[in-house]
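No lab work stands behind these numbers, since they all come straight from the coordinates. For clarity, every value in this text was computed on a predicted model and none was experimentally measured. Glycine also receives a Cβ, built like all others from the backbone with ideal geometry; neighbour counts cover every protein chain displayed.
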Amino acid sequence: MSEPAGPALTERLREVLGDRPATESELRALAEQAEALARTLQAQVQSSERRLTLLSDDPAAPLVEIAAELRRVESLRPELDEVRSMIGDLEQRARELRTAWLLRQADSARRG
């Protein structure tokens with residue numbers, strides 16, 4: 001299944017995307033971690049799909065193993081989709097944070 005840090009990272013992403021205050025550096029670090037998690041999940045999905053191909057080509061393959069790999073893929077895909085979606089949301093949040101900072105800088109320069 002996914003790496004142990006996956007659920008904890010997903011929870012932190014939900015908190016930050018739920019409008020919890022975050023710095024740009026925290027957003028950047030979370031984005032890097034989320035991208036690493038997405039790569040890990042994608043690799044796990046691909047590994048299971050290759051295993052399914054091998055199992056389906058083997059007439060003696062136990063149905064239990066095929067079912068286990070199918071369950072694994074079906075549990076990983078939604079998690080991968082969610083992480084990818086959160087990465088996009090995180091990138092949007094970082095853009096908004098940078099825009100707000102730039103507007104404050106411009107306002108401060110205009111006043112000064």
**Report entry** the chain: projected area of the alpha-carbon convex hull, averaged over directions, in nm²
**Finding:** 7.9
Query raised in the report: Of the listed peptides 11-18, 97-104, 82-89, what is their order by residue-averaged count of other C-beta atoms within 10 Å, with the highest listed first?
Result: 82-89, 11-18, 97-104
Query raised in the report: Taking only DSSP H segments of four or more residues, each worth -39500 (n - 2.57), what value at 222 nm results for the chain once the sum is divided by all its residues, to the nearest 500 deg cm²/dmol?
Result: -31000 deg cm²/dmol
Report summary line: So the angle from the long Cα axis of helix 24-57 to the longest Cα principal axis of the chain, reported in degrees to the nearest 10, equals 10
Query raised in the report: With axes computed from alpha carbons, what is the tilt in degrees of helix 63-111 against the longest principal axis of the chain, rounded to the nearest 10 within 0 to 90?
Result: 10
Query raised in the report: Taking neighbour counts of Cβ atoms within 10 Å as a proxy for exposure, in what order, fewest first, do Arg28, Arg110 appear?
Result: Arg110, Arg28
Query - region 5-111, relative contact order [Cα under 8 Å, separation at least 6], % - result: 38
Query raised in the report: Measuring from label point to label point, each 7 Å out along Cα→Cβ, what is the Leu54 to Gln105 span in nm?
Result: 5.2
